[in-house]
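The values are calculated or read from the model by the stated rules, or taken from the named source; none is laboratory data. The shown structure was predicted, so the numbers you read here are calculated from the model rather than taken from an experiment. With ideal geometry, Cβ positions are generated from the backbone for all residues, glycine too; neighbour counts draw on all protein chains shown. Please note that ligands, DNA and RNA were not included when accessible areas were found on the heavy atoms of the full protein model with its side chains. Shrake-Rupley method; radii C 1.70, N 1.55, O 1.52, S 1.80 Å.
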Amino acid sequence: MRSHRASLRSVGLVGALALISLLALPSTALADETPKITGVTELSSRLVLLDVASPAMGRTMQVKVLLPADRSEPRGTLYLLDGNSGQIEENNWLAPANGDIVPFFADKNVNVVLPVGGTGTMYTDWQEDHPKFGRLKWETFLTKELPPLIDTRFATNGHNAIGGISMGAEAALILAQRSAGLYDAVAGYSGCYTTVGGFGKALTDLVVVNGNARSEQMWGPAGSEAWQEHDIFANADKLRGTKVYLASGSGLPGPHETLDTPALGRVLVVGGVMELGSNLCTDQITQVLRDRGVDVTRSAQPVGTHGWPYWRDELVRSWPMLDSALSA
């Protein structure tokens, strides 16, 4: 009898431990969980903050949405990605000192979706948890979980575009390549689009080191299948049927560099060199895309450093193409 009771106690203990373990599992382990908007905060008459439960990311993600000027009929949706200098708790497209997009979109009829917290991640699905940010499944979140929620919540017209600056430009093209039919247009502002070879690997390392991570944690060993699948050049033909806008400056100082520019020396040297590199990279991918039959609008400016003043200018230049794609 004592042995039987001991066995029952053991079974009960095991069961309790199993229940505790189940309750402690991250939300992604719960098979019946689906993405959902769990909170909506009105930040202004046109700007809302969404709390989005993401099974892929295993946590609640924050997304800001700038609403159309006229909401009397369905509108298209533009997703804007941050660069590697982005903030963990904000999207720099909104900041007055950076993207300052609120005045520009004041009279525009489009839903602008602004994911928060993508800095240093390439907005991609990582094979390993990030040492600073935890589980990263940005591609799944942005291309599978979030769009249906946005479409339903804001009664969109089903047309999407995606754009980004610097790291976000590269990510935008990768996401568009890997999500056939999701985006009608994609815009890259001052990106560098190579991820393969020694140079591409070094550039990718520079992005992810922002969070004290290694690129191998993202896509595995260099040269592996995952790296090849994210090679924008090798997968250029997958952008056929998508309108592409690619922009960069020459790296030379222009109208936005004055004696009053903060950290002028760094802007001229670091920003100039970075934009020169982006210019060369953008020329290369533009030619490859055109050779593969992709419709590319190339904006190559004679001046411009790697910074927000010039990206604001390019948003204005790219808008007619984006607007036509979103209104089709």
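Which one is nearest to the chain's Cα centre (by Cα) among residues in segment 66-88 that are of a type in the set (Gly, Ala, Ser) and open to solvent by 10 Å² or more (accessible area, probe 1.4 Å)?
Applying the first criterion (of a type in the set (Gly, Ala, Ser)) to segment 66-88 yields 69, 72, 76, 83, 85-86.
Remaining after also requiring open to solvent by 10 Å² or more (accessible area, probe 1.4 Å): 69, 72, 85-86.
Numbers: ALA69: 24, SER72: 29, SER85: 13, GLY86: 11 Å.
Ranking the candidates gives GLY86 first.
Can you report the number of residues in segment 234-270 which are exposed (fewer than 15 other Cβ atoms within 10 Å of the Cβ), outside any loop (DSSP other than H, G, I, E, B) and of a type in the set (Val, Ile, Thr)?
Of the residues in that region, 2 qualify.
Go through segment 93-122 and give me each residue that's in contact with a strand residue (DSSP E or B) (Cβ under 6 Å, 6 or more places away or on another chain) and under 23 Å from MET218 (Cα atoms).
Within segment 93-122, LEU114, PRO115, VAL116 qualify.
Do you know which of the residues in segment 300-328 that are of a type in the set (A, V, I, L, M) and open to solvent by 40 Å² or more (accessible area, probe 1.4 Å) is modelled with the lowest pLDDT? Give the derivation first.
First pass over segment 300-328, keeping only residues of a type in the set (A, V, I, L, M): 300, 303, 315-316, 321-322, 325-326, 328.
With the extra rule that they be open to solvent by 40 Å² or more (accessible area, probe 1.4 Å), the set shrinks to 300, 303, 316, 328.
Values: ALA300: 98, VAL303: 98, VAL316: 98, ALA328: 70.
Step by step, filter segment 300-328, then rank; the result is ALA328.
If we keep just the residues of segment 271-295 that are β-branched (Val, Ile, Thr) and not in a loop (DSSP other than H, G, I, E, B), which is farthest from TYR193 (Cα to Cα)?
Applying the first criterion (β-branched (Val, Ile, Thr)) to segment 271-295 yields 273, 282, 285-286, 288, 294.
With the extra rule that they be not in a loop (DSSP other than H, G, I, E, B), the set shrinks to 273, 282, 285-286, 288.
Details: VAL273: 16, THR282: 7, ILE285: 7, THR286: 10, VAL288: 11 Å.
Per the stated criteria, the residue is VAL273.
Looking at ASP125, is it over 16 Å from the mean Cα position of the chain (by Cα) and at pLDDT 95 or above? I'd like the intermediate steps shown before the answer.
Values: over 16 Å from the mean Cα position of the chain (by Cα): no; at pLDDT 95 or above: yes.
When the stated conditions are applied, ASP125 does not pass them.
Pick out the one residue from THR286, THR297, THR282 that is farther than 19 Å from PRO255 by Cα, of a type in the set (Val, Ile, Thr) and open to solvent by 30 Å² or more (accessible area, probe 1.4 Å). Before you say what the answer is, go through the steps one by one.
Details: THR286 fails: open to solvent by 30 Å² or more (accessible area, probe 1.4 Å); THR282 fails: open to solvent by 30 Å² or more (accessible area, probe 1.4 Å).
After ruling out the rest, the residue left standing is THR297.
Just one of (1) open to solvent by less than 30 Å² (accessible area, probe 1.4 Å); (2) without any contact (Cβ under 8 Å) to a residue 40 or more places away in the chain trips up ALA222, so point out which.
All conditions are met except number (1).
Please pick out the residue among GLU257, GLU275 that is within 21 Å of the chain's Cα centre (by Cα), on the phi < 0 side of the Ramachandran plot and not small (Gly, Ala, Ser).
Working: GLU257 fails: within 21 Å of the chain's Cα centre (by Cα).
When all the criteria are applied, what remains is GLU275.
Go through segment 97-212 and tell me which helices (runs of 4 or more DSSP H), entirely inside it, have 1 or more residues that are open to solvent by 40 Å² or more (accessible area, probe 1.4 Å) and either in contact with a Leu (Cβ under 7 Å, 6 or more places away or on another chain) or among the polar types (S, T, N, Q) (or both).
101-104, 146-154
Which of the numbered conditions does ASP231 fail, given that it passes all the others? Conditions: (1) part of a loop (DSSP other than H, G, I, E, B); (2) among the acidic types (Asp, Glu); (3) free of Cβ contacts under 8 Å to residues at least 24 places away in the same chain.
Answer for ASP231: the failing condition is (3).
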